[in-house]
Amino acid sequence: MIPATFDYAAPTSVEEALSVLAEAGDDAKVLAGGQSLLPILRMRLNAPEKVVDLGRVEALRGVRDGGDHIAIGSMTPYSEVVGNALVQEHAGLLAKAVETVADPQIRHRGTVGGALVHADPAGDVGAPVLALDATMVVVGPGGERTVGAGEFFHDLFETAVADGELLTEIRIPKHTGWGSAYEKFVRVSHQWSIVAVAATVKAEGGTITEARVGLTNMGSTPLRATAVEQALVGKGTADLADACAAAAEGTNPPSDLNGDADYRRHLATVLTRRAVQHALGG
Ligand SMILES: Cc1cc2nc3c(=O)[nH]c(=O)nc-3n(C[C@H](O)[C@H](O)[C@H](O)COP(=O)(O)OP(=O)(O)OC[C@H]3O[C@@H](n4cnc5c(N)ncnc54)[C@H](O)[C@@H]3O)c2cc1C
């Protein structure tokens, strides 16, 4: 189908984008890589009067070293994130998760910021960003504010970014030297996650001293498996099964044609053990 008619704006700065959004009010929609928005417009599930394309706002693209964190511009495409040396060194978990998103064409166009604001619970960016304790920078008519990843995801397709606001940057504390793995379970390649687990661990002599675990598609938002994170401290590869047994605790996974909720709970437990084992180098 062809989208309904809309006006198009292509600002070149964040300030200009905000002013176009403010002028258009509720009838505007921000366009990033378009990999989720364009199918929505083509199916006429949304018909904004104005589309504000961020593609020419150079300031929103790229990865920089922020000292104790790395800062990823919201318009940075997946393909740049995967290949970026700073991301690989300090937030390896994110690079591994992003590498599993869809196919090369979608990774070339789709952006980290677009994925986070779209907030599909089966998306592969939310869980690693949550596990890595990222902070989101949001700007709007009232100025700039920061939102912790734990407060960013409100519900299915709902985040802390309000109409008229922009997600500009994702700040990830450096996890230098941490092992990481993203275990994504799909039935066919390039599929969305049926369940996935993002794990990153710090270890000394094969024993875990700190652990972070995020779950994809185990509820209406990405989730942290905090009980598992605590249970993993002091453990090594030989005794991961017990520590990972509580991976599905407090989750509310969907039931659909790919699997019912109980099957997903089982998957979460198995994938958590595998992800932690791989993060430990096993
Ligand atoms: C065939 C197919 C397969 C896919 N498979 C996967 C997969 O396996 N795993 C996965 O994680 N994803 C998958 N995706 C989704 C893909 O990752 C999308 O790119 C992503 O969800 C949205 O990013 P985008 O840059 O394209 O955003 P857009 O589609 O342009 O925007 C998405 C939403 O976010 C808003 N928005 C975007 N940027 C900002 C911003 N900076 N500030 C405020 N609002 C903003 C838009 O208004 C829109 O509502 C798939 C998509 C397709 C088409």
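Quick one: what Rg and Dmax do you get for region 62-171 from the alpha carbons, in Å?
12.9, 38
Whenever you get a sec, compute what percent of the accessible area on region 182-279 sits on carbon and sulfur atoms (1.4 Å probe).
47 percent
Size of the dipole of region 155-198 about the Cα centre, Lys and Arg at +1 and Asp and Glu at -1 on the beta carbon, nothing else charged, in debye to 20?
Result for region 155-198 is approximately 400 debye, rounded to the nearest 20.
Taking the convex hull of the Cα atoms, report for the chain its projected area averaged over all directions, in nm².
14.5 nm²
How large is the charge dipole for region 62-171, taken about the Cα centre, if only the Cβ atoms of Lys, Arg (+1) and Asp, Glu (-1) carry charge, to the nearest 20 debye?
Its charge dipole is roughly 240 debye.
Note the angle between two axes, namely the Cα long axis of helix 261-279 and the longest principal axis of the Cα atoms of the chain, as a number of degrees from 0 to 90, rounded to the nearest 10.
70 degrees
What is the count of Lys pairs in the chain whose alpha carbons sit under 20 Å apart, if the two are 8 or more places apart or on different chains?
Taking the Cα cut-off of 20 Å, the pair count is 6.
When the expected Rg is taken as 2.2 N^0.38 Å, what fraction or multiple of it is the alpha-carbon Rg of region 1-106?
Normalised Cα radius of gyration, region 1-106: 1.24.
Which value results for Rg/Rh of region 182-279 when Rg is the Cα radius of gyration and Rh the Kirkwood radius based on the inverse mean 1/r?
Here the Rg-to-Rh quotient is 0.98.
Per residue, how much accessible area does the chain have with a 1.4 Å probe, in Å²?
That works out to 46 Å² per residue.
Exposed loop trypsin sites (Lys or Arg not before Pro) only (DSSP loop, at most 15 other Cβ atoms within 10 Å): please give the longest stretch of the chain free of them, not including the sites.
45-186
The values are calculated or read from the model by the stated rules, or taken from the named source; none is laboratory data. None of these values were measured; they are calculated from a predicted model. Ideal geometry is used to build each Cβ from the backbone, glycine not excepted, and the neighbour counts take in all protein chains shown. When the accessible area is computed, the model is the full protein with side chains, heavy atoms only, and any ligands, DNA or RNA have been set aside. Shrake-Rupley method; radii C 1.70, N 1.55, O 1.52, S 1.80 Å.
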